[in-house]
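Notes to accompany the following structure.
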Amino acid sequence: MPTIKREVRMHLTELIDWIWKNKIKYKKFVSEYVNSIVYVSKTGKISTGYSVGKTDTFIVETEETITEDTKLLLIERFIGGLGSVNYTSHGEVTINDVLKRNSDDIYSTHFYIENDEREPILIWRDGKLVE
């Protein structure tokens with residue numbers, strides 16, 4: 001299954017839960033606007049540097065498996081009613097949402113997402129996610 005890396009904003013309690021759930025070790029997290037720091041030791045113990053407020057946010061890079069229900073900025077390749085091949089971009093939406101929304105004369109063949117260099121990456125073809 002394809003995966004995607006995302007930056008997620010978390011408050012301290014969410015960050016701690018995420019660290020424990022994902023068994024994160026030996027990492028440092030710095031808050032978004034304030035100089036608050038959360039350290040995770042080699043053994044997985046959590047400590048803080050400076051003072052950490054409950055409203056401080058931390059940006060965390062996560063990796064998740066893409067499913068047909070993952071909201072993404074999608075590029076769709078489809079065959080229209082007259083047999084023409086077309087491409088369209090969608091706002092943040094799921095593949096399933098696009099497929100449900102399409103009229104009967106539209107046949108979706110591919111879905112892509114863009115990488116950081118704005119190059120299309122194929123994630124879905126002919127009815128299923130690519131490996």
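State yes or no: is Thr55 within 26 Å of His11 (Cα to Cα), modelled with pLDDT under 95 and open to solvent by 90 Å² or more (accessible area, probe 1.4 Å)?
Answer is yes for this residue.
Given the condition of a type in the set (Gly, Ala, Ser) and surrounded by 16 or more Cβ atoms within 10 Å (Cβ to Cβ), answer yes or no: does some residue in the stretch 103-110 qualify?
Within the stretch 103-110 (the criterion being of a type in the set (Gly, Ala, Ser) and surrounded by 16 or more Cβ atoms within 10 Å (Cβ to Cβ)), the answer is yes, since at least one residue qualifies.
Which residue, of Val60, Val40, is surrounded by 17 or more Cβ atoms within 10 Å (Cβ to Cβ) and without any contact (Cβ under 8 Å) to a residue 24 or more places away in the chain?
Being surrounded by 17 or more Cβ atoms within 10 Å (Cβ to Cβ) and without any contact (Cβ under 8 Å) to a residue 24 or more places away in the chain holds for just one of Val60, Val40, which is Val40.
Quick check on my filter: what residues within the stretch 73-91 are farther than 27 Å from Asp116 by Cα and either touching a strand residue (DSSP E or B) at 6+ places or on another chain (Cβ under 7 Å) or surrounded by 16 or more Cβ atoms within 10 Å (Cβ to Cβ) (or both)?
Ile79, Gly80
The values are calculated or read from the model by the stated rules, or taken from the named source; none is laboratory data. All figures in this text were calculated on a predicted structure; none of them were measured in a lab. Here Cβ is always computed from backbone atoms with ideal geometry, including for glycine, and neighbour counts include all displayed protein chains. These accessible areas exclude ligands, DNA and RNA; they are computed on the full protein's heavy atoms, side chains included. Shrake-Rupley method; radii C 1.70, N 1.55, O 1.52, S 1.80 Å.
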